[in-house]
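First comes the structure, then the notes that go with it.
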Amino acid sequence: MPGSREVDQGDFSLCDIEAANRAGRILCLEIDLNPDAGQRLSDADFFRLVQEAKECGARKIKILVKDGKAGPVAAGIEKSSARAGLDFALVGISDGCPGQDRSWKNCLKYKYSCLLSSWGEVFLCSGLPIVLGDVRRATLKEIISSSEVIEDLRRHTQKIKGPCRECREFAGCCGCRGRAFSFSGDYLASDPGCPDNQAKRSAIVCLPVPAQKLIPHRGPMLLVDDLDKVADRLVEASVLVRPDSPFVDDQGELDEAIYMELMAQAAATFNGFGQLGLSGGAQEGFLLGAKALVVHAKARGNDKLRITAFKHGRFENFGILRCKVYRDQEVLAEGEIKIWHK
C-alpha cells in the first residue's frame, strides 16, 4: 500500500549504512557460488577477496547458493571470514533479491553491499546486471572507488530521475534499481514497481532516447541518432549514415574526420541523459582532443553505425574515454578522446 515502505537494510543499522555511504565503503560482500555459472576464480582468490572486502569496510560475507549446495569453497570462505573477524551467512539464491517482489519498495543494498560472481565480475546486486569491474584485473577497492554507478547511487537524491523525485520519502529511498533498469535500461530511472508509481509509469523515460533530446547539436551537425545503452562509465549510441549528409563524399564514403565527432557526441549524450529531467540548466561540454585515433575502414551511406565510449580516467570535470565505431561487428575506427563537461 502507498505509504507503507519496507526497507532492505540487511543486518545493519541505518546509521551504519549512512556512515559507510559517506565514507565510500561497503558493509557486506555477497559471493555468488551458483555452480551453474562455473568457476573461474581459484579458492585462493576467494580467500584473498575476503581480506580485500574487510579492507573496504565489510563486516559480513554472504554466500549465495542454489538448492542449499554450498560445497567446499563456501566452507573455506567461512573459515577465511572467521579469521578476518567477519560475520558469515549462507543465503539461498531465490532469497537474494527481495526487490523482485513488487511490494518491496526501498532497497538500500546499493549503499552498503556489492556482489562478486564466481567468474570474478563485481555487481551491485543480483538484480542489477551492470558489471562494475573484474577482480582479476583490479582490486575490490579500486573497483568500488572508480565505479560511477556506486557514486551515483550514493548521491541518489541528485541523480535518480522521474516521478520518484516527487515522493515525500525520496530522501531516504532508492526503490529497486534492478526493477528500474529492467524496465527502462537506466539504473537511475524511477522504480516502476513501486506502488506509488503505478499511475506514473508513462513518465519514466526508457532507452533508447533520441540524441536531439540530450545534446544541443541540430541539423547536419547532429551526427548521432540515439542513445541506446548506459552502464558503468560506458555509453553506446547509434546513427544511420544518410547518403545526403554533407559529410558523405561523391563516392558515398563518410569523411574520416567525422569519426572523432561521433565519439564526442556519443559521450555528450551520456552526460545529457544523466541530467534529463533534472534542474541545472543547459549542459556545457567540450571536446579537448584525441589520441591514437585509427581509422580501419570507411563507413558508407545507409550504414548503421554503433559508437561505444568507455570512461577509463577522470579528474574532476575532465574525462578520458576509449571509443570505438562499429559497423555490425567490424571496428571501423577507434581511439581516445579527452572531454570536459560541466
Checklist entry - In the range 311-326, which residues are of a type in the set (D, E, K, R), free of Cβ contacts under 8 Å to residues at least 24 places away in the same chain and surrounded by 14 or more Cβ atoms within 10 Å (Cβ to Cβ)? => result Arg314, Arg322, Lys324
Checklist entry - Any idea which residue in the range 55-67 is nearest to the chain's Cα centre (by Cα), counting only those that are buried (at least 18 other Cβ atoms within 10 Å of the Cβ) and basic (Lys, Arg)? => result Lys62
Checklist outcome for this item: Note on the range 152-175: residues surrounded by fewer than 16 Cβ atoms within 10 Å (Cβ to Cβ) and either out of contact with any Lys or Arg (no Cβ under 9 Å at 6 or more places or on another chain) or not in a helix (DSSP H, G or I) (or both) are Arg155, Gln158, Arg165, Arg168, Glu169, Ala171
Item to check | Residues of the range 68-88 classified as part of a helix (DSSP H, G or I) and either open to solvent by 80 Å² or more (accessible area, probe 1.4 Å) or modelled with pLDDT under 90 (or both), total | outcome: 6
Checklist entry - Quick one: which of Ser190, Ser182, Ser202 is farther than 28 Å from Met263 by Cα and part of a helix (DSSP H, G or I)? => result Ser202
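Across the range 289-310, what is the number of residues that are open to solvent by 100 Å² or more (accessible area, probe 1.4 Å) and either within 23 Å of the chain's Cα centre (by Cα) or touching a residue at least 40 places away in the same chain (Cβ under 8 Å) (or both)?
Kept after step one, since they are open to solvent by 100 Å² or more (accessible area, probe 1.4 Å), are these residues of the range 289-310: 291, 296, 300, 302, 304.
Among the residues that remain, those that are also either within 23 Å of the chain's Cα centre (by Cα) or touching a residue at least 40 places away in the same chain (Cβ under 8 Å) (or both) are: 291, 300, 302, 304.
Residues in the range 289-310 being open to solvent by 100 Å² or more (accessible area, probe 1.4 Å) and either within 23 Å of the chain's Cα centre (by Cα) or touching a residue at least 40 places away in the same chain (Cβ under 8 Å) (or both): 4 in total.
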Checklist entry - From the set of residues in the range 112-137 that are part of a strand (DSSP E or B) and of a type outside the set (A, V, I, L, M, F, W, C), which is most open to solvent (accessible area, probe 1.4 Å)? => result Glu121
Item to check | Which numbered condition Leu128 fails, given (1) more than 12 Å from the chain's Cα centre (by Cα); (2) under 18 Å from Asp186 (Cβ atoms); (3) without any contact (Cβ under 8 Å) to a residue 60 or more places away in the chain | outcome: (1)
Checklist entry - Among the residues of the range 205-214, which ones are open to solvent by 10 Å² or more (accessible area, probe 1.4 Å) and either within 25 Å of His156 (Cα to Cα) or basic (Lys, Arg) (or both)? => result Val205, Cys206, Leu207, Pro208, Pro210, Lys213, Leu214
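The values are calculated or read from the model by the stated rules, or taken from the named source; none is laboratory data. Owing to the predicted nature of the structure, the values given are computational and were not obtained by experimental measurement. Neighbour counts run over all protein chains shown; Cβ positions are idealised from the backbone, glycine included. In case anyone asks, the SASA skips ligands and DNA or RNA and just uses the protein heavy atoms, side chains included. Shrake-Rupley method; radii C 1.70, N 1.55, O 1.52, S 1.80 Å.
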